[in-house]
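Input: a single structure, listed below in C-alpha coordinates.
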Amino acid sequence: MVSLSLSDEIIKSLSRNELNILRYVYEHTDDILEESIQEFSRQVSYSPATVLRFCKKLGYSGFAELKYVLRSSRQKSEKNDLSSDKKADSEMTSDRMVARLNYNVQATAGLIREEQLSKTFHYFDSSASIFICLPGGITDITGEYMEKMLLSVGRQNVYRIASTRLFTHLINTQSPQNTVLILISSSGTFGPTVRLGKLARMKGFPIISITPYTSNEIASLSSVSFRFFTDQRENKGAEYTSRLSAFFIIQTIIQCYIKYKQHMGLSVEGGRYDTTS
(Lines give C-alpha, C1' and ligand atoms only; values in the text may rest on other atoms or scores of the structure.)
Protein backbone atom coordinates (compact mmCIF):
# COMPACT_ATOMS: atom_id res chain seq x y z
CA MET A 1 0.00 0.00 0.00
CA VAL A 2 1.33 3.44 -0.86
CA SER A 3 1.84 6.14 1.75
CA LEU A 4 1.02 9.81 1.26
CA SER A 5 2.90 10.71 4.47
CA LEU A 6 0.02 12.78 5.80
CA SER A 7 0.41 14.48 9.16
CA ASP A 8 -2.14 13.99 11.95
CA GLU A 9 -3.07 17.64 11.53
CA ILE A 10 -4.00 17.13 7.88
CA ILE A 11 -5.95 13.94 8.63
CA LYS A 12 -7.93 15.65 11.38
CA SER A 13 -8.78 18.56 9.07
CA LEU A 14 -10.54 16.30 6.56
CA SER A 15 -14.32 16.18 6.47
CA ARG A 16 -16.22 12.89 6.37
CA ASN A 17 -16.58 13.19 2.58
CA GLU A 18 -12.86 13.85 2.22
CA LEU A 19 -12.05 10.85 4.42
CA ASN A 20 -14.20 8.74 2.08
CA ILE A 21 -12.16 10.03 -0.86
CA LEU A 22 -8.91 9.26 0.99
CA ARG A 23 -10.12 5.73 1.70
CA TYR A 24 -10.85 5.24 -1.99
CA VAL A 25 -7.39 6.55 -2.90
CA TYR A 26 -5.71 3.98 -0.65
CA GLU A 27 -7.90 1.14 -1.88
CA HIS A 28 -7.77 1.88 -5.62
CA THR A 29 -4.37 3.49 -6.22
CA ASP A 30 -3.65 1.59 -9.45
CA ASP A 31 -6.98 2.61 -11.00
CA ILE A 32 -6.59 6.26 -10.01
CA LEU A 33 -3.27 6.58 -11.85
CA GLU A 34 -5.08 6.06 -15.16
CA GLU A 35 -8.09 8.30 -14.46
CA SER A 36 -8.87 11.93 -15.16
CA ILE A 37 -10.35 14.06 -12.37
CA GLN A 38 -13.77 13.70 -14.02
CA GLU A 39 -13.51 9.89 -14.08
CA PHE A 40 -12.28 9.84 -10.49
CA SER A 41 -15.15 12.11 -9.42
CA ARG A 42 -17.66 9.69 -10.89
CA GLN A 43 -16.03 6.77 -9.08
CA VAL A 44 -16.14 8.44 -5.66
CA SER A 45 -19.52 10.14 -6.30
CA TYR A 46 -18.26 13.62 -5.45
CA SER A 47 -17.91 16.66 -7.71
CA PRO A 48 -14.58 17.60 -9.33
CA ALA A 49 -14.62 20.74 -7.15
CA THR A 50 -14.79 18.59 -4.00
CA VAL A 51 -11.95 16.42 -5.29
CA LEU A 52 -9.84 19.50 -6.03
CA ARG A 53 -10.43 20.89 -2.52
CA PHE A 54 -9.44 17.50 -1.14
CA CYS A 55 -6.17 17.54 -3.11
CA LYS A 56 -5.33 21.04 -1.91
CA LYS A 57 -6.04 20.08 1.72
CA LEU A 58 -3.43 17.35 1.32
CA GLY A 59 -0.97 20.00 0.15
CA TYR A 60 -1.06 19.34 -3.61
CA SER A 61 -1.78 21.81 -6.39
CA GLY A 62 -4.39 19.54 -7.93
CA PHE A 63 -5.36 16.02 -8.98
CA ALA A 64 -2.42 15.69 -11.38
CA GLU A 65 0.09 16.29 -8.58
CA LEU A 66 -1.73 13.79 -6.35
CA LYS A 67 -1.38 11.16 -9.08
CA TYR A 68 2.29 12.03 -9.51
CA VAL A 69 2.94 11.53 -5.78
CA LEU A 70 1.00 8.25 -5.77
CA ARG A 71 2.96 6.97 -8.79
CA SER A 72 6.29 8.00 -7.26
CA SER A 73 5.37 6.38 -3.94
CA ARG A 74 4.35 3.15 -5.65
CA GLN A 75 7.53 3.02 -7.74
CA LYS A 76 9.66 3.64 -4.65
CA SER A 77 7.79 0.94 -2.75
CA GLU A 78 8.20 -1.55 -5.58
CA LYS A 79 11.90 -0.74 -5.85
CA ASN A 80 12.38 -1.20 -2.10
CA ASP A 81 10.42 -4.44 -2.18
CA LEU A 82 12.54 -5.82 -5.01
CA SER A 83 15.77 -4.81 -3.31
CA SER A 84 14.65 -6.27 -0.02
CA ASP A 85 13.45 -9.49 -1.62
CA LYS A 86 16.84 -10.05 -3.21
CA LYS A 87 18.64 -9.28 0.02
CA ALA A 88 16.40 -11.36 2.30
CA ASP A 89 15.45 -14.21 -0.05
CA SER A 90 11.89 -12.92 -0.49
CA GLU A 91 11.37 -12.54 3.26
CA MET A 92 10.53 -9.20 4.91
CA THR A 93 13.47 -7.93 6.98
CA SER A 94 12.96 -7.09 10.64
CA ASP A 95 13.67 -3.39 9.99
CA ARG A 96 11.01 -3.21 7.29
CA MET A 97 8.54 -5.11 9.47
CA VAL A 98 9.03 -2.71 12.38
CA ALA A 99 8.75 0.28 10.04
CA ARG A 100 5.55 -1.12 8.59
CA LEU A 101 4.00 -1.71 11.99
CA ASN A 102 5.00 1.79 13.05
CA TYR A 103 3.39 3.25 9.93
CA ASN A 104 0.15 1.32 10.54
CA VAL A 105 -0.12 2.56 14.12
CA GLN A 106 0.60 6.18 13.18
CA ALA A 107 -1.90 6.07 10.32
CA THR A 108 -4.48 4.49 12.64
CA ALA A 109 -4.01 7.30 15.17
CA GLY A 110 -4.96 9.78 12.47
CA LEU A 111 -8.32 8.06 11.97
CA ILE A 112 -9.56 8.38 15.57
CA ARG A 113 -12.02 11.25 15.91
CA GLU A 114 -13.40 13.06 18.95
CA GLU A 115 -16.93 12.40 17.70
CA GLN A 116 -16.30 8.64 17.76
CA LEU A 117 -14.90 8.80 21.27
CA SER A 118 -17.80 10.94 22.54
CA LYS A 119 -20.38 8.47 21.24
CA THR A 120 -18.43 5.56 22.72
CA PHE A 121 -18.18 7.27 26.12
CA HIS A 122 -21.94 7.86 26.02
CA TYR A 123 -22.45 4.10 25.77
CA PHE A 124 -19.84 3.42 28.45
CA ASP A 125 -21.55 5.84 30.84
CA SER A 126 -24.97 4.27 30.30
CA SER A 127 -26.38 1.42 32.39
CA ALA A 128 -26.45 -0.86 29.33
CA SER A 129 -24.65 -4.18 29.41
CA ILE A 130 -21.72 -4.44 27.00
CA PHE A 131 -21.26 -7.70 25.10
CA ILE A 132 -18.05 -8.34 23.18
CA CYS A 133 -18.13 -10.90 20.39
CA LEU A 134 -15.25 -13.41 20.26
CA PRO A 135 -15.55 -14.96 16.78
CA GLY A 136 -12.65 -17.38 17.23
CA GLY A 137 -8.95 -17.32 16.38
CA ILE A 138 -6.37 -14.67 17.18
CA THR A 139 -8.95 -11.86 17.19
CA ASP A 140 -10.39 -13.27 20.42
CA ILE A 141 -7.32 -11.92 22.22
CA THR A 142 -8.25 -8.34 21.32
CA GLY A 143 -11.80 -8.92 22.59
CA GLU A 144 -10.50 -10.30 25.87
CA TYR A 145 -8.19 -7.29 26.16
CA MET A 146 -11.13 -4.93 25.59
CA GLU A 147 -13.11 -6.63 28.34
CA LYS A 148 -10.24 -6.49 30.84
CA MET A 149 -9.49 -2.84 30.10
CA LEU A 150 -13.14 -1.83 30.58
CA LEU A 151 -13.35 -3.73 33.87
CA SER A 152 -10.05 -2.19 35.00
CA VAL A 153 -11.51 1.31 34.79
CA GLY A 154 -14.62 0.37 36.73
CA ARG A 155 -17.07 -0.30 33.90
CA GLN A 156 -19.38 -3.05 35.15
CA ASN A 157 -21.62 -5.45 33.20
CA VAL A 158 -19.05 -6.22 30.49
CA TYR A 159 -19.19 -9.72 29.03
CA ARG A 160 -17.33 -11.54 26.27
CA ILE A 161 -19.28 -14.15 24.35
CA ALA A 162 -17.25 -16.87 22.61
CA SER A 163 -20.17 -18.71 21.01
CA THR A 164 -21.76 -17.37 17.83
CA ARG A 165 -24.93 -19.29 18.68
CA LEU A 166 -25.07 -17.73 22.16
CA PHE A 167 -24.42 -14.27 20.72
CA THR A 168 -27.27 -14.80 18.26
CA HIS A 169 -29.54 -15.87 21.13
CA LEU A 170 -28.52 -12.76 23.04
CA ILE A 171 -29.45 -10.50 20.13
CA ASN A 172 -32.83 -12.24 19.81
CA THR A 173 -33.69 -11.94 23.51
CA GLN A 174 -32.06 -8.77 24.86
CA SER A 175 -33.42 -5.24 24.65
CA PRO A 176 -31.53 -2.86 22.33
CA GLN A 177 -32.15 -0.07 24.85
CA ASN A 178 -30.11 -1.89 27.52
CA THR A 179 -27.42 -3.53 25.40
CA VAL A 180 -24.30 -2.43 23.51
CA LEU A 181 -22.45 -4.81 21.19
CA ILE A 182 -18.74 -4.67 20.33
CA LEU A 183 -17.54 -6.39 17.16
CA ILE A 184 -13.82 -6.67 16.37
CA SER A 185 -12.53 -8.07 13.07
CA SER A 186 -9.08 -8.18 11.50
CA SER A 187 -10.62 -8.37 8.02
CA GLY A 188 -14.03 -6.75 8.36
CA THR A 189 -15.45 -9.52 6.19
CA PHE A 190 -15.52 -12.59 8.49
CA GLY A 191 -18.82 -14.29 7.67
CA PRO A 192 -20.12 -15.13 11.19
CA THR A 193 -19.33 -11.63 12.50
CA VAL A 194 -20.95 -9.98 9.47
CA ARG A 195 -24.12 -12.05 10.02
CA LEU A 196 -24.23 -11.07 13.68
CA GLY A 197 -23.80 -7.43 12.69
CA LYS A 198 -26.66 -7.63 10.21
CA LEU A 199 -28.97 -9.26 12.76
CA ALA A 200 -28.05 -6.72 15.43
CA ARG A 201 -28.53 -3.79 13.06
CA MET A 202 -31.92 -5.15 11.95
CA LYS A 203 -33.06 -5.31 15.58
CA GLY A 204 -31.75 -1.84 16.40
CA PHE A 205 -28.78 -2.67 18.65
CA PRO A 206 -26.01 -0.08 18.97
CA ILE A 207 -22.75 -1.53 17.62
CA ILE A 208 -19.20 -0.37 18.29
CA SER A 209 -16.82 -1.93 15.78
CA ILE A 210 -13.05 -2.07 15.31
CA THR A 211 -12.22 -3.07 11.74
CA PRO A 212 -9.64 -2.38 8.99
CA TYR A 213 -9.45 0.85 7.01
CA THR A 214 -10.53 -0.96 3.87
CA SER A 215 -14.19 -0.84 2.96
CA ASN A 216 -16.06 -3.54 4.90
CA GLU A 217 -19.60 -4.46 5.83
CA ILE A 218 -19.11 -4.66 9.59
CA ALA A 219 -18.05 -1.02 9.70
CA SER A 220 -21.04 0.06 7.62
CA LEU A 221 -23.41 -1.68 10.06
CA SER A 222 -21.98 0.05 13.13
CA SER A 223 -23.17 2.96 15.24
CA VAL A 224 -19.54 3.83 15.99
CA SER A 225 -16.83 2.55 13.66
CA PHE A 226 -13.14 2.67 14.59
CA ARG A 227 -10.84 1.84 11.70
CA PHE A 228 -7.22 0.70 11.63
CA PHE A 229 -4.42 0.13 9.17
CA THR A 230 -2.93 -3.34 8.90
CA ASP A 231 -1.53 -5.73 6.30
CA GLN A 232 -3.57 -8.86 5.62
CA ARG A 233 -1.15 -11.79 5.81
CA GLU A 234 -1.40 -15.52 5.28
CA ASN A 235 1.10 -18.36 5.34
CA LYS A 236 0.11 -21.72 3.88
CA GLY A 237 -3.53 -21.04 4.66
CA ALA A 238 -2.88 -19.80 8.21
CA GLU A 239 -3.94 -16.20 8.80
CA TYR A 240 -1.49 -14.16 10.88
CA THR A 241 -2.49 -10.55 10.26
CA SER A 242 -1.11 -8.18 12.91
CA ARG A 243 -3.64 -6.94 15.49
CA LEU A 244 -1.25 -4.30 16.84
CA SER A 245 -3.30 -1.38 15.48
CA ALA A 246 -6.51 -2.85 16.95
CA PHE A 247 -4.83 -3.05 20.36
CA PHE A 248 -3.70 0.55 19.87
CA ILE A 249 -7.31 1.66 19.27
CA ILE A 250 -8.51 -0.12 22.42
CA GLN A 251 -5.73 1.43 24.49
CA THR A 252 -6.49 4.88 23.06
CA ILE A 253 -10.21 4.55 23.82
CA ILE A 254 -9.52 3.55 27.42
CA GLN A 255 -6.89 6.24 28.02
CA CYS A 256 -9.17 8.93 26.58
CA TYR A 257 -12.07 7.59 28.65
CA ILE A 258 -9.99 7.95 31.83
CA LYS A 259 -9.13 11.55 30.88
CA TYR A 260 -12.78 12.22 30.08
CA LYS A 261 -13.93 10.92 33.48
CA GLN A 262 -11.28 12.93 35.27
CA HIS A 263 -12.44 16.02 33.41
CA MET A 264 -15.97 15.27 34.57
CA GLY A 265 -14.74 15.23 38.18
CA LEU A 266 -14.19 11.51 38.59
CA SER A 267 -11.02 9.52 39.12
CA VAL A 268 -10.17 5.88 38.64
CA GLU A 269 -9.02 4.19 41.83
CA GLY A 270 -8.96 0.54 42.74
CA GLY A 271 -10.77 -0.53 39.59
CA ARG A 272 -13.76 1.77 40.09
CA TYR A 273 -14.70 5.40 39.65
CA ASP A 274 -14.72 7.54 42.79
CA THR A 275 -15.88 11.14 42.94
CA THR A 276 -13.06 13.51 43.78
CA SER A 277 -13.42 15.73 46.81
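The values are calculated or read from the model by the stated rules, or taken from the named source; none is laboratory data. Only a predicted model underlies this, so the values are computations on that prediction, with no experimental measurement involved. All Cβ positions, glycine included, derive from the backbone under ideal geometry; neighbour counts span all protein chains shown. Side chains are part of the model used for accessible areas, which takes the heavy atoms of the whole protein and leaves out ligands, DNA and RNA. Shrake-Rupley method; radii C 1.70, N 1.55, O 1.52, S 1.80 Å.
How much solvent-accessible surface does Glu39 expose, in Å² to the nearest 10, with a 1.4 Å probe and all protein chains in place?
For Glu39, solvent-accessible area is about 70 Å².
Can you work out the Karplus-derived ³J(HN,Hα) for every residue in region 215-226? Use 6.51 cos²θ - 1.76 cosθ + 1.60 with θ = phi - 60°, whole Hz, and x for glycine or proline.
Each residue's phi maps through the Karplus curve to give 4, 8, 6, 4, 4, 5, 8, 8, 6, 10, 10, 9 Hz.
Which residue, Pro176, Val153, Leu244, has the largest displacement toward the positive end of the dipole of the chain when charges sit on each Cβ (Lys, Arg +1; Asp, Glu -1)?
It is Pro176, whose Cα lies furthest towards the positive end.
From the protein chains alone at 1.4 Å, what is the descending order of accessible area for Lys261, Lys56, largest first?
Largest accessible area first, the residues go Lys56, Lys261.
Rolling a 1.4 angstrom probe over the protein heavy atoms, how many square angstrom per residue are accessible across the chain? Spell out each step's value before the answer.
On the way: 14530 Å² over 277 residues.
Accessible area per residue, the chain: 52 Å².
Where a ≥ b ≥ c are the square roots of the eigenvalues of the C-alpha gyration tensor, would you call region 92-165 rounded, which needs a/c under 1.5, or, failing that, prolate if a/b is larger than b/c, or oblate?
Oblate shape, in that a/c is at least 1.5 and b/c is the bigger or equal ratio.
Considering only protein heavy atoms, with the full assembly of protein chains and a 1.4 angstrom probe, order Met149, Met264 by accessible area, largest first.
Numbers: Met149 35, Met264 120 Å².
Solvent-accessible surface, decreasing: Met264, Met149.
Protein chains only, probe 1.4 Å: how do Arg201, Arg96 rank by accessible area, largest first? Walk me through the intermediate numbers first.
Values: Arg201 120, Arg96 75 Å².
If we order Arg201, Arg96 from most to least accessible, we get Arg201, Arg96.
Percent of accessible area on the chain owned by carbon and sulfur, 1.4 Å probe?
Working: 7260 of 14530 Å².
Its accessible area is 50 percent carbon and sulfur atoms.
Could you work out the per residue convex hull volume over the alpha carbons of the chain, in cubic angstrom?
Details: hull volume 42.0 nm³, N = 277.
Output value, Cα hull per residue: 152 Å³.
Would you kindly derive the ³J(HN,Hα) couplings of region 46-54 from the backbone phi angles with the Karplus curve 6.51 cos²θ - 1.76 cosθ + 1.60 (θ = phi - 60°), listing them in order in whole Hz, with x for Gly and Pro?
10, 5, x, 5, 5, 5, 5, 5, 4
How big is the dipole moment of the chain about its Cα centre under a simple scheme where the beta carbon of each Lys and Arg is +1, that of each Asp and Glu is -1, and everything else is neutral? Debye, nearest 20, please.
Details: 33 positive and 28 negative charges, 97 e Å.
Using Cβ point charges on Lys, Arg, Asp and Glu, the chain gives about 460 debye.
Karplus couplings for region 18-30 from phi (6.51 cos²θ - 1.76 cosθ + 1.60, θ = phi - 60°), rounded to Hz, Gly and Pro as x?
5, 5, 5, 5, 4, 4, 5, 4, 5, 8, 10, 3, 4
Considering amide H positions built from the backbone, and no H for Pro or chain starts, which residues 5 or more places from Phe190, or on another chain, come under 5 Å of its amide H?
Placed amide hydrogens put nothing under 5 Å from Phe190.
With axes computed from alpha carbons, what is the tilt in degrees of helix 114-125 against the longest principal axis of the chain, rounded to the nearest 10 within 0 to 90?
20 degrees
Over 28 Å between Cα atoms, which of Lys203/Lys259; Lys56/Lys261; Lys67/Lys198; Lys119/Lys148; Lys203/Lys261; Lys198/Lys259 qualify?
On the way: Lys203/Lys259 33 Å; Lys56/Lys261 38 Å; Lys67/Lys198 37 Å; Lys119/Lys148 20 Å; Lys203/Lys261 31 Å; Lys198/Lys259 33 Å.
Beyond 28 Å: Lys203/Lys259; Lys56/Lys261; Lys67/Lys198; Lys203/Lys261; Lys198/Lys259.
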